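Report on the structure given below.
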2 protein chains.
Amino acid sequence: MGISNRMRGIPASPIRKLTPYANEAKKRGIKVYHINIGQPDIKTPPDALKKVKNFNKEVLKYSQSDGIFDLKKSMTDYFNNLHYNINPKNIIVTNGGSEAIYFSFMVSMDTKDEVLIPEPYYANYNGFAKMADVNVKPIETNVENGFKLPSYEKLESYISGKTKAILMCSPNNPTGTVHEKGDYKKIAKLAQKYDLTVIGDEVYNEFVYDNAEHVSVMEFEEIKDRTILIDSVSKRYSACGARIGAFITKNKNYIDAVMSLAQARLCPPTLEQVLAAELYRTDRTYIKNAKNEYRKRRDIVYEELNKIDGIVAHKPSGAFYTVVKLPIDDTEKFAKWLLTDFEENKETVMVAPASGFYASDNRGKNEIRIAYILEEKNMRRSIQLLKKAIEVYNN
Amino acid sequence: MGISNRMRGIPASPIRKLTPYANEAKKRGIKVYHINIGQPDIKTPPDALKKVKNFNKEVLKYSQSDGIFDLKKSMTDYFNNLHYNINPKNIIVTNGGSEAIYFSFMVSMDTKDEVLIPEPYYANYNGFAKMADVNVKPIETNVENGFKLPSYEKLESYISGKTKAILMCSPNNPTGTVHEKGDYKKIAKLAQKYDLTVIGDEVYNEFVYDNAEHVSVMEFEEIKDRTILIDSVSKRYSACGARIGAFITKNKNYIDAVMSLAQARLCPPTLEQVLAAELYRTDRTYIKNAKNEYRKRRDIVYEELNKIDGIVAHKPSGAFYTVVKLPIDDTEKFAKWLLTDFEENKETVMVAPASGFYASDNRGKNEIRIAYILEEKNMRRSIQLLKKAIEVYNN
């Protein structure tokens, strides 16, 4: 019995592909430092977890398809504190930021239309593009200049008759780049000229360092009718397992259309919505502390990376990732080798080969993504192991 | 700013459309008996809810994309108790049965392919068909003969070059019909002859009454490589808000393909999976009691319906729904009128117009779906209100 043509030959994720090798290494008694995934170790706000423990309804019922009102209200308060000027009617609560991305693709594009995304980009966008049957057209950015957006003219050159949307992820996963006001001005101009929807994936909005400032797609009055904000509790509140996110827009047509998709799947999980309502009320101190912690880890990663010969690294100013060019031809092979053949004092490190974050053929083959989600000592050790491994591998 | 063509003009759900009128009625002090939705009032197993209260991890992490192993194990045990002979590798845990239906459409059909579904059918299949860009071809069934499947020859006449799947929902929402072994034999023969995937939506499997026996798509050896079972905790354990379901198949190609979709959305909600692992271990007594309760309610509904002149009702042998033909031209108007213009002692009843469960034009316009999800006294009163209302409406 065959399967549909569309589901044939989807390449296995280059990151997930490595998991069996990591498991094998662990069975051999090797400690594996995981800097390959964005699963933070910071504690989920305990008050929010407590809220779930106090859930005392006897029947776990469906919620509203667009989410529990108390959660929509607490999201609204959170964003209005950031001066986004939204109301609960602008929000549809989703199964993680993931579903919000899928909804944004469905509502802004028809079959075979194109969405522009600066490359490298979050690999799962490909999965949602597949589900929505649209194509990703990558905009080239490079580690050498910190993965900054190209000029307006260059951006414009990517537009085709099929281009219907542009997705900006900032602070960026996988690069850690924070796009600036000037970048958004270019995007806004382009969107107006070519009638594009602007999708802002800003789930790392709170994690910006040094002098960088988070700029949101929600700040530009001239595109407010064509803008969709993607949010999630996963990273900000270290609650990846909650799978609560949001599709946010001031365009009522988008809301109405997405509501029909939301109704089909009935509702997001009720208990996790109770949790999330409390998460969005988390004290600013929690967020400040998390941000300081990630900044410290970033500094360690950058410091240790600079001790490695032949690498090209930029200092990421946001999120908790960076993409680094290594003096190695094929980081997929190298990442596997780290797990199968390398160890120092019974320890090794697991990294994400960057090719999975590129749509263009042959880009990213000598790059890796590092997630700085381990506490200081382990973070430092991870990069030191990487340094050692590169030396051994190249000899 | 426009939206995609595909999201334009999706008709609002005829059930959801009535909600504002129900809210208005309540504001006027009218008590509304809700027999319009499948939200059971039976208590969620308290032991499972307690399990969530005892969740003591400090970080709410991602789970595996295919679900927490403990949950897959407890699902396996549950189904093997029913002699389905599955193992955890046959299961991908989903965001409700909803996502499992979507996955089954994606993996069995390409764009514009067709799935056969006996009509009337669960209205949300239309939403998933839209998302997967496939078409539903309805197989006509009728209240007059208890919504039974037609003959093999008649079934075969629905097959076109585009037909790639057939979906059987049994016990059925909205009709309450339980399809029999002979029906499945026909389906199996058809599936083999025309290379179809057989999708079994069996989330009401435990709720069969009198001499009816639940037959599963999993029982037919000859189609085991082309069969997908959809499951959900929502109805069996009265846990609709958990949004935990499952995509189950012995076809490894289906599992591998669906895994790529599952990975894109990362994982189902962690806390609700902890709950669900316990739900699948619920004592059989709980299920037996729930079933007895629904049977009693069904008997009341059937008894009271038979007191109404001019209706056509069948005695449903499963699930907790029935579709009834009323002596009324347009049940959409009638259902609205019940909320806006009718009351007896400050009480009225809310029903689901059946047209939303039909894909064929003009079918179901004089039918309603009744969900027997209220306790005995309220259930009886609801149907008595319906009787009274029909008399008033027709005079």
Go through (1) within 14 Å of chain A (Cβ to nearest Cβ); (2) out of contact with any Asp or Glu (no Cβ under 9 Å at 6 or more places or on another chain) for B:Asn80 and report which single condition fails.
(1)
Can you tell me which residue is nearest to the other protein chains (Cβ to nearest Cβ) among those in the range B:49-76 that are touching a Ser or Thr at 6+ places or on another chain (Cβ under 7 Å) and crowded, with 19+ Cβ neighbours inside 10 Å?
B:Leu60
Identify all residues within the range A:57-88 that are in contact with a helix residue (DSSP H, G or I) (Cβ under 7 Å, 6 or more places away or on another chain), in a helix (DSSP H, G or I) and not small (Gly, Ala, Ser); write none if there are none.
A:Phe69, A:Asp70, A:Leu71, A:Lys72, A:Lys73, A:Thr76, A:Pro88
Test A:Asn211 against the stated conditions and say whether it is at pLDDT below 95 and more than 9 Å from chain B (Cβ to nearest Cβ).
yes
Selection from the range B:131-148 of residues that are over 17 Å from B:Gly245 (Cβ atoms), buried (at least 21 other Cβ atoms within 10 Å of the Cβ) and in contact with a helix residue (DSSP H, G or I) (Cβ under 6 Å, 6 or more places away or on another chain):
B:Val134
Kindly indicate whether any position in the range B:86-107 is closer than 26 Å to B:Tyr280 by Cα and in the same structural domain as B:Pro353 (by TED's automatic domain parsing).
no
Considering each residue of the range B:102-121, count those that are within 12 Å of another protein chain (Cβ to nearest Cβ) and in contact with a strand residue (DSSP E or B) (Cβ under 6 Å, 6 or more places away or on another chain), and give that number.
6
Name the helices (runs of 4 or more DSSP H) wholly within the range A:265-383 that hold at least 1 residues that are without any contact (Cβ under 8 Å) to a residue 24 or more places away in the chain?
A:284-305, A:331-340
Specify which of the listed residues (A:Phe128, A:Phe79, A:Phe103) is in contact with a Phe, Trp or Tyr (Cβ under 7 Å, 6 or more places away or on another chain), surrounded by 22 or more Cβ atoms within 10 Å (Cβ to Cβ) and more than 19 Å from A:Gly356 (Cα to Cα).
A:Phe103
Looking at (1) within 14 Å of another protein chain (Cβ to nearest Cβ); (2) over 30 Å from A:Arg6 (Cβ atoms), can you tell me which one B:Tyr294 breaks?
(1)
Condition set at the interface with chain B (Cβ under 7 Å from one of its Cβ atoms) and acidic (Asp, Glu), scope the range A:225-283, selection nearest to B:Ala123 (Cα to Cα): answer is A:Glu272
Taking B:Leu18, is it hydrophobic (A, V, I, L, M, F, W, C), at pLDDT 90 or above and within 30 Å of B:Ala277 (Cβ to Cβ)?
no
Do you know which residues across the range A:122-148 are touching a residue at least 40 places away in the same chain (Cβ under 8 Å) and within 11 Å of another protein chain (Cβ to nearest Cβ)?
A:Tyr122, A:Ala123, A:Tyr125, A:Asn126, A:Lys130, A:Asp133
Name the single residue that is farthest from A:Phe147 (Cα to Cα) among those in the range A:291-324 being surrounded by 20 or more Cβ atoms within 10 Å (Cβ to Cβ) and among the basic types (Lys, Arg).
A:Arg297
Which is touching a Pro at 6+ places or on another chain (Cβ under 8 Å) and small (Gly, Ala, Ser), of A:Gly38, A:Gly2, A:Gly29, A:Gly67?
A:Gly67
Subset of the range B:11-47 [part of a helix (DSSP H, G or I), among the basic types (Lys, Arg) and more than 12 Å from every other protein chain (Cβ to nearest Cβ)]:
B:Lys26, B:Lys27
Go through the range A:279-290 and give me each residue that's surrounded by 18 or more Cβ atoms within 10 Å (Cβ to Cβ) and out of contact with any helix residue (DSSP H, G or I) (no Cβ under 6 Å at 6 or more places or on another chain).
A:Thr282, A:Tyr286, A:Ala290
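The values are calculated or read from the model by the stated rules, or taken from the named source; none is laboratory data. What you are looking at is a predicted structure, and each value in this text was computed from that prediction instead of being measured. Note: ideal-geometry Cβ built from the backbone for every residue, glycine included; neighbour counts use all protein chains shown.
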